[in-house]
Amino acid sequence: MYGRLNDVLAEKGRQVYTIRKGATVCDAVREMNRKGVGALVVMDGDRPAGIFTERDVLRRVVDPDRDPAITRVVEVMTPDPIVVESNTRVEDAMAIMTERRFRHLPVAESGRLVAMVSIGDLMRWVTFYLEDHLQQMTEYITGRRG
């Protein structure tokens, strides 16, 4: 109904930010701040090993009073991320994120990581889709072209 992640990525871009699993939490937080993102894909070589998010910082570093300068990302990341293909339907990606209660979803093409979408990206896409659809329906009903 809302298209596929390929459509979202064509509009949003295909940037994905990563960090190596041996990096410290301080390194990861600095990278997230530098890039203006809330999550990084944690890489083990060329394979996604986990996701490190702002929520991980709060729950797994700050709350238990771990030292971010010596704590490694691999120790506090969310392991084994679900990775979807870029031809996944938007509504299917949203369902996965809602059911699993996470806000970031890595996207691959032929097994190669190409992007990451957030629930915000998908909500924005659906909102634009619905606004466009509403405009088309209004024009159809009223017989006017906008």
Query raised in the report: Just checking, which of Met94, Met137 is assigned to a helix (DSSP H, G or I) and modelled with pLDDT of 90 or more?
Result: Met94
**Report entry** Matching option when the condition is more than 20 Å from Ala28 (Cβ to Cβ), free of Cβ contacts under 8 Å to residues at least 60 places away in the same chain and not in a helix (DSSP H, G or I), among Arg144, Arg66
**Finding:** Arg144
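Table: residues versus (1) touching a strand residue (DSSP E or B) at 6+ places or on another chain (Cβ under 9 Å); (2) crowded, with 17+ Cβ neighbours inside 10 Å; (3) under 22 Å from Leu130 (Cβ atoms); (4) among the aromatic types (Phe, Trp, Tyr).
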{"position": "Phe52", "(1), (2), (3), (4)": "yes, yes, no, yes"}
{"position": "Val57", "(1), (2), (3), (4)": "no, yes, no, no"}
{"position": "Arg66", "(1), (2), (3), (4)": "no, no, no, no"}
{"position": "Ala69", "(1), (2), (3), (4)": "yes, no, no, no"}
{"position": "Arg72", "(1), (2), (3), (4)": "yes, no, no, no"}
{"position": "Glu75", "(1), (2), (3), (4)": "no, no, no, no"}
{"position": "Pro81", "(1), (2), (3), (4)": "yes, yes, no, no"}
{"position": "Val90", "(1), (2), (3), (4)": "yes, yes, yes, no"}
{"position": "Met97", "(1), (2), (3), (4)": "yes, yes, yes, no"}
**Report entry** Residues that are surrounded by 17 or more Cβ atoms within 10 Å (Cβ to Cβ), of a type in the set (A, V, I, L, M) and assigned to a helix (DSSP H, G or I), drawn from the range 99-125
**Finding:** Leu122
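Evaluate the following for Ala23: is it farther than 23 Å from Gly120 by Cβ, more than 15 Å from the chain's Cα centre (by Cα), buried (at least 19 other Cβ atoms within 10 Å of the Cβ) and among the aliphatic types (A, V, I, L, M)?
Working: farther than 23 Å from Gly120 by Cβ: yes; more than 15 Å from the chain's Cα centre (by Cα): yes; buried (at least 19 other Cβ atoms within 10 Å of the Cβ): yes; among the aliphatic types (A, V, I, L, M): yes.
Criteria met by Ala23.
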Report task. Under 6 Å between Cβ atoms, at least 6 apart or on separate chains: pull out the pairs that start in the range 118-138 with a residue that is farther than 18 Å from Leu9 by Cα and end on any residue that is aromatic (Phe, Trp, Tyr) and loosely packed, with under 11 Cβ neighbours inside 10 Å. Result -> none
Query raised in the report: Within the range 8-37, can you find the residues that are part of a helix (DSSP H, G or I) and in contact (Cβ under 8 Å) with a residue 12 or more places away in the chain?
Result: Val8, Leu9, Glu11, Lys12, Val25, Cys26, Asp27, Ala28, Val29, Glu31, Met32, Lys35
Requested in this report: Could you tell me which numbered condition Phe102 fails, if it satisfies all but one of (1) hydrophobic (A, V, I, L, M, F, W, C); (2) under 25 Å from Asp27 (Cβ atoms); (3) at pLDDT 95 or above?
Outcome: (3)
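Taking the conditions exactly as written (under 28 Å from Arg89 (Cβ atoms), in contact with a strand residue (DSSP E or B) (Cβ under 9 Å, 6 or more places away or on another chain), aliphatic (A, V, I, L, M) and assigned to a helix (DSSP H, G or I)), does Leu40 satisfy them or not?
Numbers: under 28 Å from Arg89 (Cβ atoms): yes; in contact with a strand residue (DSSP E or B) (Cβ under 9 Å, 6 or more places away or on another chain): yes; aliphatic (A, V, I, L, M): yes; assigned to a helix (DSSP H, G or I): no.
No, not satisfied.
The values are calculated or read from the model by the stated rules, or taken from the named source; none is laboratory data. If you're wondering where the values come from, they're calculated on a predicted model, not measured in any experiment. Note: ideal-geometry Cβ built from the backbone for every residue, glycine included; neighbour counts use all protein chains shown.
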